[in-house]
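The values are calculated or read from the model by the stated rules, or taken from the named source; none is laboratory data. Computed from a prediction, not measured in an experiment: that's the story for all the values here. Every residue, glycine among them, receives a Cβ derived from its backbone with ideal geometry; neighbour counts consider all protein chains shown. For accessibility, only protein heavy atoms count, side chains too; no ligands or nucleic acids. Shrake-Rupley method; radii C 1.70, N 1.55, O 1.52, S 1.80 Å.
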Amino acid sequence: MQTKLLKPTPEALAEAAALLRRGELVAFPTETVYGLGANALDADAVLSIFRAKGRPADNPLIMHIHSEEQLDGLVTIPDMARPLMARFWPGPLTLLMPRTAAVPDAVTAGLATVAVRMPSHPIARRLLESCGLPVAAPSANRSGKPSPTTAAHVLEDMDGIIPLILDGGPCEVGLESTVLDVCHGTPCILRPGGVTREMLEEVIGPVTVAGSVLRPLREGEVARSPGMRYRHYAPEGAVLLVEGSEAETLEALRRLYRAAEAEGEKACVLCFSEHAHALSDCAPHDLGSISCPEETAGRLFDVLRGLDRDGYTAIFSEVVNPEGVGLAVMNRLGRAAGFHTVSATEVLRPDHKEE
Ligand code: AMP
Ligand code: MG
């Protein structure tokens, strides 16, 4: 199949809407990452998303809408969802809602709830409006690869597999939406994103964060969000996160880099802009400013994809404070590293035992 890459002209949007209505797949920009969309009410079309991505069938999709009326007959809106929809939609917040039989099992992997989001990106909104359908769309990457934040990333993964990619330039947030469960007791963040815990709590009070956001699932632990079970966002090379004071972290990164190079690895470090100069002989990759997790969010997936292109085998990274958007950054970085973390003190003084 030939894959067209088109600027979002009115003609291209009409073609994309027609493809969706015919049960075909279209990749389109959103404010979070690029989505791979299909008519959410057409089970065959939805199943072709799983094939194109190589996605496990038990990992449910997010249903994208452009107006709340589209939810009539598809879901029951939980009371807790209403003030959040009023405040954060359109935007990067996905809410779980009890669904009716009108939503195909293929979308929800048979779960009783469906994840719903109203994107704010103008091209996503125009596409959703002109096709007139709810659109099931996961990120437009091959399963296991970092999510695409540019049309070029989508083409890397989907060339020859889907008919059309709408090119809307780089995505603003750069990480996937916040997924919030408002169906069971205290609302719980299953996946952190651009709408932060702090922002949610201002509207609805206490919000918890699923344990597996910052650590691997424990043996026997049931994933509240099926996606958390899978290896994700991972470059081919091994990633190690280094925690500690600024001075110790920089020194530890240097040592780890040199030791890996000495062992024949192709090594690099991921660091904040402020530290790139101090690490200039360690193949530094700039994560953006230490004081702006939004900037790190916007760059992270592009940096991770670049590591594979350049063939790095040993990657050492600084970490961010897991607050605000920093929680989403640490979730993605943690998963890229398989949650492998070391303290800078341990690297510098291996005999030192931390209490
Ligand atoms: P993606 O479409 O790749 O952005 O991933 C969507 C995320 O939402 C995955 O982590 C899913 O496991 C999660 N998700 C979607 N629907 C549900 C649901 N009904 N219950 C729990 N998690 C869900
Ligand atoms: Mg994804």
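I want to confirm something. Restricting to the range 154-164 and keeping residues that are within 16 Å of ligand 2 (Cβ to nearest atom) and open to solvent by less than 30 Å² (accessible area, probe 1.4 Å), which single residue is nearest to L13 (Cα to Cα)? Here the answer is I162. The set of residues in the range 288-308 being hydrophobic (A, V, I, L, M, F, W, C) and not in a helix (DSSP H, G or I) consists of I290, C292.
On the stretch given as the range 313-355, residues that are in contact (Cβ under 8 Å) with a residue 60 or more places away in the chain, more than 23 Å from S273 (Cβ to Cβ), assigned to a loop (DSSP other than H, G, I, E, B) and out of contact with any strand residue (DSSP E or B) (no Cβ under 6 Å at 6 or more places or on another chain) total 3.
Restricted to helices (runs of 4 or more DSSP H) entirely inside the range 51-153, those with at least 1 residues that are open to solvent by less than 20 Å² (accessible area, probe 1.4 Å), farther than 15 Å from T30 by Cα and away from ligand 1 (no atom under 14 Å from the Cβ) are 81-88, 122-131.
Comparison of L20, L41, L47, L5 shows that the only residue that is in contact with a Cys (Cβ under 8 Å, 6 or more places away or on another chain) and either in a helix (DSSP H, G or I) or modelled with pLDDT of 95 or more (or both) is L20. In the range 268-299, which residues are of a type in the set (S, T, Y), open to solvent by 30 Å² or more (accessible area, probe 1.4 Å) and in contact with a Ser or Thr (Cβ under 6 Å, 6 or more places away or on another chain)? S273, the sole residue that qualifies.
One residue stands out among those in the range 154-168 that are hydrophobic (A, V, I, L, M, F, W, C) and in a helix (DSSP H, G or I): the one that is farthest from ligand 1 (Cβ to nearest atom), which is L155.
Taking first residues from the range 36-61 that are touching a residue at least 12 places away in the same chain (Cβ under 8 Å) and within 17 Å of R99 (Cα to Cα) and partners that are assigned to a strand (DSSP E or B) and within 13 Å of ligand 2 (Cβ to nearest atom), the Cβ contacts under 6 Å between residues at least 6 apart in sequence or on separate chains come to A40/A136; V46/A136; L61/A136.
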